[in-house]
Amino acid sequence: MFTLLKQEGRARRGEFKTVHGTIQTPVFMNVGTAAAIKGGISSVDLDQQLKCQVELCNTYHLHVRPGDDIIYKMGGLHKFMNWRKPILTDSGGFQVFSLAKLRKIKEEGVYFNSHVDGRKIFMGPEESMRIQSNLASTIAMAFDECVENPAAYEYSKASCERTTRWLVRCRDEMKRLNSLDSTINKNQLLFGINQGCTYDDLRIEHMKAIRELDLDGYAIGGLAVGEPTGVMYHIIEQVEPYMPADKPRYLMGVGTPSNIIEAVYRGIDFFDCVMPSRNARHATIFTWNGIMHANNKRYELDERPLDTQCGCPACRNFSRSYIRHLFKANEQLAGRLAVMHNLYFYNTLMEKIREALDEGRFEEFRNKYSSLLESRLED
């Protein structure tokens, strides 16, 4: 399913064939947690205007509301949200450990209370797989334990071992579900998740263990949660040599444009992050010359688009002055236009990374943009 087309150093150019279409990698997955991008962006926008290849939705949130049983009765996520391209569903593990104030971890899974209405919920490997099967996503993520970072070594080690046992259960349950006549997507894929906090030996040993299960792809989880950027890059460098070369590699929850460029440089293929949409809703704009704060008074009479090098719907049609006014007036259109721009920027960034890899000039691209894109826009 995954074909490595070209490589420059550790940076990889590939394509991943799925039942819902072929994904060109490296790729950024646009995050629609509850089957929608925050900021008023529809699946039609993503498809027709914003160059989105893959949308990411969340198992936990959709299980709580509207309920995966409802989405199943509506024909699965693709039909429910009118999106025909690939969808990856996060397993819900991160939300269970980050949102639930009271939780009890046992070998069978996790007992916790919903952050919405307080009702008691149990989620384990089998439950996560059944929910994701009901959602009928293209790629399902394995249910893992998301340990706080930093965490004690012995606890992290025990957690890795539990995550491996849970991964075996996820694999077996998905195989069973994909064989049922009632399953919507019988070709659902499974990605496993590497854990181990910031301990090199735990990360490496866990990656060695889970690669033996021969899954459809592998993710590095538990990073971008507050540790220094250099530590994140170091962990990627430690784990990457042990990740199967013939399977996609996914760095979960990352990140800034510079983070993405640097992680591609270190061998990563898949990315996701709420940053482009979340920052946009607060008037922080990514441009090809640095980061812009659209609320700034300096743009009050600025007739230029947000980014003179951008072809997104916002930049083609509206000025900095107008978009600043929308933010100051608390108009919903401000957020929509800004989110459209940032998602277009991220998807174009991936397009340009792929082009650079195709043409053997990724190192040149990295040298030009890795620092520039995290600088403050001066003009």
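Scoring residue 239 on the criteria (1) surrounded by fewer than 23 Cβ atoms within 10 Å (Cβ to Cβ); (2) not in a strand (DSSP E or B) leaves a single failure, condition (1). Among the residues of segment 111-138, those that are outside any helix (DSSP H, G or I), in contact with a Gly (Cβ under 7 Å, 6 or more places away or on another chain) and over 18 Å from residue 179 (Cβ atoms) comprise 122, 123, 124. For segment 148-165, a tally of residues being assigned to a loop (DSSP other than H, G, I, E, B) and in contact with a Phe, Trp or Tyr (Cβ under 7 Å, 6 or more places away or on another chain) returns 0. Of all the numbered requirements in (1) in contact with a Phe, Trp or Tyr (Cβ under 7 Å, 6 or more places away or on another chain); (2) touching a residue at least 24 places away in the same chain (Cβ under 8 Å), residue 288 misses one, and that requirement is (1).
Look at segment 1-17: where a residue is closer than 20 Å to residue 54 by Cα and in contact (Cβ under 8 Å) with a residue 60 or more places away in the chain and a partner is part of a loop (DSSP other than H, G, I, E, B) and among the hydrophobic types (A, V, I, L, M, F, W, C), sitting 6+ places away or on another chain with Cβ atoms under 8 Å, you get 4/245; 16/1.
Look at segment 155-171: where a residue is on the phi > 0 side of the Ramachandran plot, no partner that is part of a helix (DSSP H, G or I) sits 6+ places away or on another chain with Cβ atoms under 6 Å. Would you confirm whether any residue within segment 254-267 is surrounded by fewer than 17 Cβ atoms within 10 Å (Cβ to Cβ) and either among the charged types (D, E, K, R) or modelled with pLDDT of 95 or more (or both)? No, the conditions are met nowhere in segment 254-267. Here is a check on your reading of the model: is residue 117 touching a residue at least 60 places away in the same chain (Cβ under 8 Å), farther than 23 Å from residue 223 by Cβ and among the charged types (D, E, K, R)? When the stated conditions are applied, residue 117 does not pass them. Being within 30 Å of residue 242 (Cβ to Cβ) and part of a loop (DSSP other than H, G, I, E, B) is a property that does not hold for residue 353.
Determine, yes or no, whether residue 363 is surrounded by fewer than 15 Cβ atoms within 10 Å (Cβ to Cβ) and part of a helix (DSSP H, G or I). For residue 363, the condition - surrounded by fewer than 15 Cβ atoms within 10 Å (Cβ to Cβ) and part of a helix (DSSP H, G or I) - is met.
Applying the set (1) crowded, with 17+ Cβ neighbours inside 10 Å; (2) within 30 Å of residue 10 (Cα to Cα); (3) among the hydroxyl-bearing types (Ser, Thr, Tyr) to residue 371 leaves exactly one unmet item: (1). Considering only residues in segment 26-41 that are in contact (Cβ under 8 Å) with a residue 40 or more places away in the chain and either touching a Gly at 6+ places or on another chain (Cβ under 7 Å) or part of a loop (DSSP other than H, G, I, E, B) (or both), the one that is surrounded by the most Cβ atoms within 10 Å (Cβ to Cβ) turns out to be 26.
Per the conditions (1) in contact with a strand residue (DSSP E or B) (Cβ under 7 Å, 6 or more places away or on another chain); (2) farther than 20 Å from residue 23 by Cα, the sole criterion not satisfied by residue 246 is (2).
The values are calculated or read from the model by the stated rules, or taken from the named source; none is laboratory data. Worth saying up front: this structure is predicted, and the values here are computed from it rather than measured. Using ideal geometry, Cβ is built from the backbone for each residue, glycine included, and neighbour counts are taken over all protein chains shown.
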